[in-house]
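Novice: Sending over a structure as structure tokens; questions will come in a sec.
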Amino acid sequence: MKAMKQPRNGHRIKALAMLASAIGACVAMPAFAVLGGAPSSAPEGAVATSKAVVRAAAASGASTTATKAANYSVNTTTYASGTTVNEYTGSDGTVFGIAWKGPRVPDLATLLGTYFPQYQQGLKAQRVARGGRGPVSVQDSGLVVQSSGHMGSFAGNAYLPQALPAGVSASDIQ
């Protein structure tokens, strides 16, 4: 009987490295929507729903009374912690607003994405001016974040004023 030839270790190592890279790419995917980015799918253990919103908005121009539709969708995700996150996505597929409510503040670093450092700077300036407690209201160039609450009950929102569709106001982000 002739013994079967085993694959060389170099091939095994290469295959294992490729498998580890593929798994790592899947693990690194964001679990939340990213403000200013594309909407994301709900993470494992969360319940998600979606609804489209069509609202008539006055068209710009002084002499016309025509209207145009402001289309956007609201994706709601309820996490295992009980916190609900609403993600507001414009017709162009970009998330222009996020709101949360529940027993825990969601991971703002993930939710705000590239806007998080801007939020941190605004928060730091607010804390220096007013102290370390109380509601948060950061209004910086192109970013608004408001958050308040107490242990077990938090609410807040973040949005990009320049990205709000026509006919959508800041009060709609809730």
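Where a number appears in this text, it was derived from the coordinates with a stated rule and is not lab data. Computed from a predicted model, the values in this text were never measured in an experiment. Cβ placement follows ideal geometry from the backbone for every residue including glycine, while neighbour counts extend to all protein chains displayed.
Novice: Enumerate the calculated ³J(HN,Hα) couplings along the range 150-167 in order (Karplus 6.51 cos²θ - 1.76 cosθ + 1.60, θ = phi - 60°), each rounded to whole Hz, writing x wherever the residue is Gly or Pro.
Specialist: Result, rounded to whole Hz: 8, 3, x, 8, 10, 8, x, 8, 9, 8, 9, x, 6, 9, 5, x, 4, x.
Novice: Report the net charge of residues surrounding Thr114, where surrounding means a beta-carbon distance below 15 angstrom and charges are Lys +1, Arg +1, Asp -1, Glu -1.
Specialist: Taking every other residue near Thr114 into account, the sum is -2.
Novice: Then there is this: Quick check: net charge around Gly156, other residues with Cβ under 14 Å of its Cβ, Lys/Arg +1 and Asp/Glu -1?
Specialist: Combined, the nearby Lys, Arg, Asp and Glu give 0.
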